[in-house]
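Below is one structure, written out as structure tokens, with a few remarks after it.
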Amino acid sequence: MRTSETVKNSVNLDEAMVAGKVFTGTGYIKAKQKKRYWHYTIFQHFESIIMSGEIKLATAGVLPGVKPAVWFSTNHDWEPTVIKALKDFKTGKTTSYSTKNELFYCDMWNDLLDDGALHSFIPIRLEIDPNVVNLRTWNNYNKKSGESREMLKALAKTGKKMGANPKQWFVSYEEVPIENISRFERWNGNEWVELVPADQIKNGLWN
């Protein structure tokens, strides 16, 4: 039987699910975030994904005998290992961009774009459902990828220096069709927002 005190505590629980904390009736505990799986990339690559109909395996720099993969992260903000380098053809200087705001505010294309157009380095993330995409953990990649132990250690060490957590890394050894992508988002300088409804892309209505 639910007493008035029980109902009161229930209401408190619902109302207190703010700022990453939950009220339990006796105190606050840190709320657990639902684990979501994202493929972080940039707008230029997103367009290639739409044109090909799938997220292709990353093959650049992959040695013979090593399994290529599509990489995902459960980091809910950004994957720090996503780095893009751009050469300024006026100065010849190459600049690396790693944070989502560095990528977002990269303005080299401003003189070439119409107002409101998205430039090539706009951060993009694509969410997939682990129930339909065969994901493997970083530990699995260590054992099954064919990558050398030295390279695996270097990847993890470099990733940690950049602020990444290898425990948040997941891979698919198969291409991921856009039909298996459930959400398409872009960074707008302040927050992640929907780029376009998934159904619209799946129905070929993106342009």
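What order, most packed first, do the peptides 40-46, 100-106 have when packing is the mean number of other Cβ atoms within 10 Å of each residue? Please report the intermediate quantities before stating the final value.
Numbers: 40-46: 19.4, 100-106: 17.7.
Highest mean packing first, the order is 40-46, 100-106.
For Val62, Val171, give the ranking by accessible area with the largest first, probe 1.4 Å.
Working: Val62 55, Val171 0 Å².
Heavy-atom accessible area, descending, gives Val62, Val171.
Fully extended, how many nm does the chain gain between Trp206 and Leu63 (0.36 nm per residue separation, minus their Cα-Cα distance)? Could the numbers behind the result be given before it?
Values: separation 143, 0.36 × 143 = 51.48 nm, distance 3.49 nm.
That pair, Trp206 and Leu63, stretches by 48.0 nm at full extension.
The values are calculated or read from the model by the stated rules, or taken from the named source; none is laboratory data. The structure presented is a predicted model; accordingly, all values stated were derived computationally and were not measured. Please note: Cβ atoms are built from the backbone with ideal geometry, for glycine as well, and neighbour counts cover all protein chains shown. To get the accessible areas, we keep the full protein, side chains included, count just its heavy atoms, and leave off ligands, DNA and RNA. Shrake-Rupley method; radii C 1.70, N 1.55, O 1.52, S 1.80 Å.
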